[in-house]
1. Label Q191 and Y346 with points 7 Å out from Cα along Cα→Cβ: what is the distance between them in nm?
2. What FRET efficiency would be calculated for the residue pair T149, T35, taking the C-beta separation as r and a Förster radius of 30 Å, to the nearest 0.05?
3. Counting C-alpha atoms alone, how compact is segment 295-369: give Rg to one decimal and Dmax as a whole number, in angstrom.
4. What is the distance in Å between the Cα centroid of segment 171-219 and that of segment 315-385?
5. Kirkwood hydrodynamic radius for segment 179-262: how many Å is it when counted over pairs of different Cα atoms?
6. Which values of log₁₀ I(q)/I(0), to two decimal places, follow from the Debye formula for segment 231-363 at q = 0.11, 0.19 Å⁻¹ with a uniform point scatterer at every Cα?
7. Starting at the first residue of segment 358-371, write each ³J(HN,Hα) from the Karplus equation 6.51 cos²θ - 1.76 cosθ + 1.60 with θ = phi - 60°, in whole Hz, x for Gly and Pro.
8. Taking the number of other C-beta atoms within 10 Å as the exposure measure, put I197, I289 in order starting with the fewest.
Amino acid sequence: MKLFPTILSAVVLAASVASAADTITVRTLTFDDITKRSGTYLFPPPQRYEKVLMEMTLKCDPRTTQDRFDCGEWDYLTYTFITDSTGQFDSTRLEAVNYRVRGITPDSFPYTTTPVPLLRRYRVVGASRRSQVETQITRIGSGGASLATVFTAAGGRARWIWTASELAAAGMTAGAVQGLELTSRTAQASQISALRIMMNQQTNAQPPSRLVDSGFTTVLLNNVTLVEGRNQLAFGTPFSWDGTSDIIVDIACASASVPVQLLADPSPVAGTTADESRWAYAFTGNDMIELHADVGNALSTGVTIAFWAWGNQQKLPKASSVFEAWDDQGRRVLNAHLPWDNARVYWDAGRDASSGAFDRIETDLPESAYEGRWNHWAFVKDATT
């Protein structure tokens, strides 16, 4: 909703003999307050008053800056909040500190006016392998292919499954897994930031639709250097395999100084790679992605808008639009509420040039359709059918 300028005044009637002189008017917002939405105003000194009247006038004004309309679609809604600033509420005095810093109110605290980059803290989980210790290495797969989506400049993540039958065929037996060997096919050494390896075991494991960490053991979390050839990574926490379950391995990193091509098996392996195709936008408040108007040139009598959406369970349902489009005169052509604050989905598409009316369909939604999980939506309009 876009709020329009209002004239707001308070008329205070004193308890003395009623006359015109006993009326005190406090002027607050005016029509010239185009973008101003609030303020602090001095009311009359304490005494006995019989009545306080609030008078408010609404106006559709072309000078508004919130959108291109004098009066928007939902601007018939107004809200008024009255706050008692005396610190008393229901005869109970309320007290509060002036500020809090990490939950406390120290006499002084250091701060900076210069932006500080995000600092990530993590507890290192790792170990080093002594050269004289004898190890048994089990090779899984034949190699011959490359995997380039894990160790990239922007970081990466992959999760795959080694079935119990694959492990048994490779000669691996139940017991403690002490490390993992990765073979780099990149000539340059690469500094891997926050390399994390997690493992889990399940019966008849399936590739996940979401990369959830519950049930996994972090066996390695450290900065490492990968060189060309074989790199043996010792686990800080050994992983105990039961010998009958499938093993799920999850490898991720924050960044790599040089992109690394890992030796991989050319045959398909069940798993998931968290590359750019799995990234999503997280919208907060009035965040939006604005498309160039040229995309509308390809539209004629039909349109389909499809996407995946995950709604925040703490914030939905609320009055919002998931997308909206206007014509060159600022009139709405496409819009979807997913959902509105009544938990209904609305799909507006097409406009009558003479009346300005647009086609709308709507329906109720269960919570599972708009929050707490990924849902695929396709909004379709065909003007010929």
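1. Placing both labels 7 Å along Cα→Cβ, they lie 5.4 nm apart.
2. On the way: r = 47 Å, r/R0 = 1.56.
Efficiency, from the Cβ-Cβ distance: 0.05.
3. 13.7, 42
4. After rounding, the separation between the Cα centres reads 43 Å.
5. Values: mean 1/r = 0.0718 Å⁻¹.
Answer for segment 179-262: a Kirkwood hydrodynamic radius of 13.9 Å.
6. For segment 231-363 at q = 0.11, 0.19 Å⁻¹, log10 I(q)/I(0) is -0.70, -1.26.
7. Result, rounded to whole Hz: 10, 6, 9, 10, 8, 7, 6, 10, x, 4, 5, 8, 9, 8.
8. On the way: I197 26, I289 7.
Going from least to most buried by this count: I289, I197.
Bear in mind that the values in this text are calculations on the coordinates, not laboratory data. Just so it is clear, the structure is predicted and the values come from calculations on it, not from any experiment. Please note: Cβ atoms are built from the backbone with ideal geometry, for glycine as well, and neighbour counts cover all protein chains shown.
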